[in-house]
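Taking it in order: structure first as structure tokens, then the write-up.
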Amino acid sequence: MFRLTFHLPYYVWRPWQKSLPDHRRNRNGVPLRHSQDVSFLTLGTDETPGFLHEAQISCTVAGSDDWRWVAYCFAEAYFDLVDKGKETALEYHEDSLHEIGMQSDPFTYGTTSTDHSSQNPREYFLRTFRHRLTQVQREWQGVVDKLGESIRRHGQVCSHFLTSVREARSHSQLLNFEVIRETKIAMSNMKEAYSRILWGKMACIACT
């Protein structure tokens, strides 16, 4: 018997006008994943307000030997719109029906064809892990870029506080300090999720 598993927690940034909350609930009625309004990061700009959403991708490959095995992959997409490329089983099916479409493998985020999927469970697991990790890395990078851009923008405005107390009392200056405070909270939450990947709370387990 063997079992191969990975869990990839991450955050996504989506520039929507309104929140797309996770409608799933735990036994206490609390949303399974949380969303945070980060529109304060775009104050004073023409950018669309954004939301920061928790997400996770999990995959398990298990079987009795290399010829008898099964795989499961769970990828969250509650934060995306159907007409904006939301990942669904129906989307993969409809793509395969196009004249030039192919039987995309959902496990690898549609980047490979099921016609060329590895028959070796360990190879298949590692290929899935590689493609999904690339997806997560791309989402993380988008969040980091957005936060960095906002911090630089508001940090430049707030720098005047160091030289003039009177200027710091102005509404715009205090507003920017509030933005940085909220940003630090958001970054603290993301740091916890990122540390789970780095220090092993992302379970990548092989049981034989």
Checklist entry - Quick check: anything in segment 54-67 without any contact (Cβ under 8 Å) to a residue 24 or more places away in the chain, closer than 29 Å to S150 by Cβ, surrounded by 13 or more Cβ atoms within 10 Å (Cβ to Cβ) and not aromatic (F, W, Y)? => result no
Next on the checklist: Filter segment 35-48 down to the residues that are part of a loop (DSSP other than H, G, I, E, B) and buried (at least 17 other Cβ atoms within 10 Å of the Cβ) and list them by number.
Outcome noted: V38
Checklist outcome for this item: Among the residues of segment 77-105, the number that are modelled with pLDDT of 85 or more, over 16 Å from the mean Cα position of the chain (by Cα) and not in a strand (DSSP E or B) is 1
Checklist outcome for this item: Among residues of segment 6-34 being more than 14 Å from the chain's Cα centre (by Cα), outside any loop (DSSP other than H, G, I, E, B) and surrounded by 11 or more Cβ atoms within 10 Å (Cβ to Cβ), the residue modelled with the highest pLDDT is F6
Next on the checklist: Taking the criterion of being of a type in the set (D, E, K, R), within 30 Å of F40 (Cβ to Cβ) and either within 15 Å of the chain's Cα centre (by Cα) or modelled with pLDDT of 90 or more (or both), would at least one residue in segment 140-150 satisfy it?
Outcome noted: yes
Next on the checklist: Taking the conditions exactly as written (farther than 26 Å from F51 by Cα, surrounded by fewer than 18 Cβ atoms within 10 Å (Cβ to Cβ), out of contact with any Phe, Trp or Tyr (no Cβ under 9 Å at 6 or more places or on another chain) and modelled with pLDDT of 90 or more), does R122 satisfy them or not?
Outcome noted: no
Item to check | Residue tally, condition closer than 29 Å to F125 by Cα and touching a helix residue (DSSP H, G or I) at 6+ places or on another chain (Cβ under 7 Å), over segment 4-49 | outcome: 8
Checklist outcome for this item: Checking G142, G110 in turn, the sole residue that is in a loop (DSSP other than H, G, I, E, B), among the small types (G, A, S), in contact with a strand residue (DSSP E or B) (Cβ under 8 Å, 6 or more places away or on another chain) and surrounded by 13 or more Cβ atoms within 10 Å (Cβ to Cβ) turns out to be G110
Item to check | Among the residues listed as F74, F129, the single one being within 17 Å of A55 (Cβ to Cβ), touching a strand residue (DSSP E or B) at 6+ places or on another chain (Cβ under 8 Å), outside any helix (DSSP H, G or I) and at pLDDT 90 or above | outcome: F74
Checklist outcome for this item: Scanning segment 113-126 residue by residue, the ones that are touching a residue at least 12 places away in the same chain (Cβ under 8 Å) and in a helix (DSSP H, G or I) total 5
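The values are calculated or read from the model by the stated rules, or taken from the named source; none is laboratory data. Bear in mind the structure is a predicted one, so any value in this text is a computation, not a measurement. Methodologically, a virtual Cβ is constructed for each residue, glycine included, from the backbone with ideal geometry; neighbour enumeration extends over all protein chains shown.
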